Amino acid sequence: MALVPLRACIRAVGPPRVWDRSRIRGPPGRDGPDLSSLPAKAIACYQHAIDLYRDLGHRRGGFGALTCLGDTHQSADDPAAARAAWQEALAILVDLAHPDVDKIRSKLADGDTQPSSPASTST
């Protein structure tokens, strides 16, 4: 039940890896689909999920949404915002002694260029 906000975001805009502009190609000689509005929609949706998780006091769901938010910012070429979201997710993971802590540390260490699957960060 607590993962509903994050799942709703993923249903609405897809996980970051699905709409990452660098991975979608159109037919030869043509541009791919117009994805210009998806990062803003995804960012707004993930931020809403984060706010809901905070209101509920559900830190585990919050770090999943923060991780997706960071991945979205990274895919949208905003590494500073990605880093801020991942740092907040890391603080929660450390407090929870969660096994995904090294995944987020890795993203922070190398500026992660490939968004992770949201499912792997929301358990």
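The values are calculated or read from the model by the stated rules, or taken from the named source; none is laboratory data. Bear in mind the structure is a predicted one, so any value in this text is a computation, not a measurement. Glycine gets a Cβ as well: all are built from the backbone with ideal geometry, and neighbour counts include every protein chain shown.
Assorted remarks:
- The one condition from (1) in a helix (DSSP H, G or I); (2) over 14 Å from the mean Cα position of the chain (by Cα) that residue 104 does not meet is (2).
- Single condition residue 114 does not satisfy, out of (1) modelled with pLDDT under 90; (2) outside any loop (DSSP other than H, G, I, E, B): (2)
- Residues satisfying the stated conditions in the stretch 74-106, i.e. hydroxyl-bearing (Ser, Thr, Tyr) and free of Cβ contacts under 8 Å to residues at least 24 places away in the same chain: 106
- When each of 89, 65, 44 is tested for being buried (at least 22 other Cβ atoms within 10 Å of the Cβ), at pLDDT 85 or above, farther than 19 Å from residue 110 by Cβ and not polar (S, T, N, Q), the lone residue that passes is 65.
- Flag for residue 70 being modelled with pLDDT under 90, part of a helix (DSSP H, G or I), buried (at least 21 other Cβ atoms within 10 Å of the Cβ) and not hydroxyl-bearing (Ser, Thr, Tyr): no
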